[in-house]
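Working notes, beginning with the structure itself.
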């Protein structure tokens, strides 16, 4: 039977609890959001004693289901002030699930000014004081812990940014190759830093593994499910060949590639940073064009990007990061962006928030547009060294905007707007405006239908159908985020009628239950409503479901503007 | 007939307009808040093209009425995001009133990156590019303008902080001795800086003066009114002898003097910074214990504080500033505080926000508690020089809290909480929580009745009666802020039944109307409701009418905690 592992950092005690019956059917985002909503006062200080940090693997994590290795992390966000869920690949979800850990809840704040580590085993969590690794980056932490424990140890850690409680700090999770995946958005690393936890090590030895109620049914459904992924042109082929960075040229063509801090919709240097170029560079330097962020991934949208000397530089090198430092900061040098990606992983800072932030920093005159070397310097010497400027930058997009009095600040609920201009891809604008998480493309990835013709087509430049599109996607995503599945399974799910039933069959076979498609939709709705209720308790209103004023300025090449009324946006919540 | 002067900084044009009939009966705060609510979209960026900066003298400004020389300034605040009114003494209110300027409305943003000045005369406003004074402090601006124009020129200006759009930047107004008074709170200086206006010069030559409809009635009422001020033990005597700083020992005795960033309620060094000590130092060094912030002030709560050599150091040296750097930062050196006061005037930064901020900066470890020299250094070398650290500090209390991940951050609606601990003086806590302006002691100064036994007595340590007290005071204050009267006329008004009728008689005699006491109360209510409606439009809810979490910790010596429920606080708005 799965258990709740609980850690109280105020009293430095840990416990193992039964799973309350109303949490039993939940996993991933559904579970972290339910726990945060149940146990955290929405008005609390996100870095204070009353916030809690919750980790939960998905319903299918730890099974043989393809692409089911995502871990959810939830808390009140110090960046947005909203509830936050941020999910990640890597090894931790499958380890937790196999160890029977339904969720790990970390509460309280240490009374003394010391850092600690948590060691998670099947028999519980132990808390130890940590001194050696304090001030170190995530790569050094992983290396040290593999020496201290063994190569198989799971690692969840924060870098210097998290220690310093920067609002853009993320939480790093070791992947199967001892590299880094991130609970990226919303400053979860600052919450972990506030609780003075440098790392969580996971020793899965003796893990009982996941019990499947109906193994035959599971196996059959699993086979169908995997086939729908592999048969899909994007999920099975496009992502594997070019990674998510396939999108640079596509968005540039669509005029939705935000350029020069959201001033234009196309970037002159798009070819130099595109997925196609990246693919060729990787092949030429002996990297890998395919790579999974967790065991069991059959999409392989990650890659290994080597430097000019053929040495490993980075992996998990995503479109949003490449766009953020590329088009958004006018840096057309893929090597510089890859180096920045690696530094951000090491410091432990969200590469979306940080690159969106650099666009505003350039607008503020802190460095000129196009200055990739300047970005590398600011990452290493300012953010990494926790200087005052580093703290402004590490506070994210809104932080720089406030400190320098900038008005062109692309944020919703203080979270930086990623990679898709909401004026020329209007469905994603509805997602940015209404997501319970602040601007978040993954919350309802309308790009699928607005740009990639997945699940039909809704014209990105017209208002019609966008609210409904975003609503359906956000509901589906909240459910998918609860299964432990990668968000990209949405692609086959939208196009292939066999995909979703197979996914539901796997869940039913795993738990011996009988969920229907409607149940899954209801789960998604209920997750969104739970999250929204938390936000209302924290003081958010429909006035916060708005894009920044400057999106009323037309953006080339379509001269598109953001033209939704408040009332039209608010209709999102009519369900 | 009074006129509206309007300046459009986008097109660099100015106009003179008739006063709309529904604004005719308004002045001061009632007028600025009405104009801002009518013309500014509450969701706009406070530093963007759609915010407006409005100046309006009070209903009685420019007359011979005692203490009627207060100018109101309104806008959406970049610090709080709420509507904001901040009023000030100095010469501008009487100049505007005598020139027949009902209000000056400044809108738009210049298209070019240049600074400008406005020159206001009876025939209108002219806009000129300004280069010479950019980067200069307020004292240099006043000196240069008195040379450029003449000694009588009125000056409204911003220092380096306002130019840099720091959220704690204030707007300085020349006083009768060419020193500085401030529209202090809420970052009005950043709004003026965003509109690229370095200064407004006022040439009142040829001003027609204020017409009194019934001069005899006015004179008679004015005499009664002045007598009620002079007869009052605090307004007529206490303030004149010790200034507002008379409060250090009183609040220390009451256990409500926030010390060491609101950790304790009493300060060991209170005697060294008290009004009594200050009085003796002033006398010893040949300063002035009495001084008016505007012509016609008969309370004279200001002073001239000289340095050890007997040279002028500062004036308008208020309790809140002395408390903020004194008890709150544990600096028991009055000379250092006076020097800081002068530097803050020169840079143009709110001395309340800034000293509350330094308490948090000390908590964050930026400098140690008690380090007065460190504060002077940070003011001059960091804030004054616009370094990254200076921008964090200049962003105010909340800015430092966020940049350094501090949880003990005394703000409401992101504005620093002044000088009176809300746990041990509970009425002021209700004012901090509910004021439309963020934490603001002047919005409903319960200290009068909680501590000074003015207008009766409500036990500061008990919850009973505090909501009603704050409500009555906030309504009355909103009305008083509309008359151009100094807030301290509330003292005689609360204790002497002749005071308020005389004030109303003066307004009636001035305009030839027949207001009653009820009308004035209704005006106050209507101002608060107008302001609140703006804030609701900007996304504020009752969840924002709350004190920070840490006030649930008991504070010595009474071990008092903040123990109002949300429901109890929300009852404030039942009128």
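Got a sec? How would A:330, B:73 order by Cβ neighbour count within 10 Å, fewest to most? Walk me through the intermediate numbers first.
Numbers: A:330 22, B:73 29.
Least crowded to most crowded, the residues run A:330, B:73.
Could you pull the copy-to-copy label distances for residue A:177, with points set 7 Å along Cα to Cβ, in nm to one decimal and sorted shortest first?
Copy-to-copy label distances for residue A:177: 7.3 nm.
Classify the stretch A:3-202 as rounded, prolate or oblate from the Cα gyration tensor: take a ≥ b ≥ c as the square roots of its eigenvalues, call it rounded if a/c is under 1.5, otherwise prolate when a/b beats b/c and oblate if not. Before the final figure, lay out the partial values.
Working: a/c = 1.33, a/b = 1.03, b/c = 1.29.
The shape class here is rounded.
Where does each of B:305, A:264 land when they are ranked from fewest to most other beta-carbon atoms within 10 angstrom?
Details: B:305 28, A:264 18.
Ranked by crowding around the Cβ, least crowded first: A:264, B:305.
Report, as an integer, the average count of C-beta atoms from other chains found within 10 Å of each Cβ along A:41-49. The partial results should precede the final answer.
Values: counts 1, 1, 6, 2, 9, 2, 6, 6, 3.
Averaged over the peptide's residues, the number is 4.
Nearest 500 deg cm²/dmol is fine: what mean residue ellipticity at 222 nm does chain B get from its DSSP H runs of n ≥ 4 alone, each adding -39,500 (n - 2.57), divided by its residue count?
Details: 23 runs with 215 residues, N = 575.
Only helices count here, giving -10500 deg cm²/dmol.
Using alpha-carbon pairs under 8 Å, 6+ residues apart, how would you state the relative contact order of chain A in percent?
On the way: 1460 pairs, mean separation 94.5, N = 575.
Relative contact order here is 16 percent.
In chain A, what residue has the beta-carbon at the shortest distance from the axis of the rotation relating A to B, and what is that distance in angstrom, rounded to the whole number?
Closest to the axis: A:388, 2.
List the distances, in nm and shortest first, from the label point of residue A:126 to the matching label points in every other copy, placing each point 7 Å from Cα along the Cα-to-Cβ direction.
For residue A:126, the other copies' label points sit at 8.2 nm, shortest first.
List the distances, in nm and shortest first, from the label point of residue A:290 to the matching label points in every other copy, placing each point 7 Å from Cα along the Cα-to-Cβ direction.
So the label point of residue A:290 gives 9.2 nm to the other copies.
Kindly provide the Kirkwood hydrodynamic radius of chain A in Å, to one decimal, from all pairs of distinct alpha carbon atoms.
23.2 Å
Please report how far the C-alpha centroid of the stretch B:102-117 lies from that of the stretch A:358-400, rounded to the nearest whole angstrom.
Between the Cα centres of the stretch B:102-117 and the stretch A:358-400 lies a distance of 30 Å.
How crowded by other chains is B:396-404, given as the mean number of beta carbons from other chains within 10 Å of each beta carbon? Don't skip to the end; give the middle numbers.
Details: counts 1, 0, 1, 5, 1, 2, 13, 13, 7.
Per-residue shielding by partner chains comes out at 5.
Please give the Cα centre distance for the stretch B:1-56 versus the stretch B:511-537, rounded to the nearest Å.
18 Å
In peptide B:385-391, what is the residue-averaged number of other protein chain Cβ atoms found within 10 Å of each Cβ? Please report the intermediate quantities before stating the final value.
On the way: counts 0, 1, 2, 11, 5, 2, 9.
What the average comes to for B:385-391 is 4.
Could you please rank A:431, B:516, placing first whichever residue has the fewest other Cβ atoms within 10 Å of its Cβ? Could the numbers behind the result be given before it?
Values: A:431 30, B:516 11.
Lowest count first: B:516, A:431.
Counting just the Cα atoms, what span does the stretch B:435-575 cover along each of its three principal axes? Round to the nearest Å and put the largest first.
Taking the Cα atoms of the stretch B:435-575, the three principal extents are 53, 38, 21 Å.
At q = 0.04, 0.07, 0.10 Å⁻¹, what is the base-10 log of I(q)/I(0) for the protein assembly as shown according to the Debye formula with one equal point scatterer per Cα and no solvent? Please give it to two decimals.
Values returned for q = 0.04, 0.07, 0.10 Å⁻¹ are -0.22, -0.66, -1.21.
Only the coordinates and a few stated rules stand behind these numbers; no lab work does. Model, not experiment: these values are computed from the prediction. Neighbour counts are summed over all protein chains in view; Cβ atoms, including those assigned to glycine, are modelled from backbone coordinates with ideal geometry.
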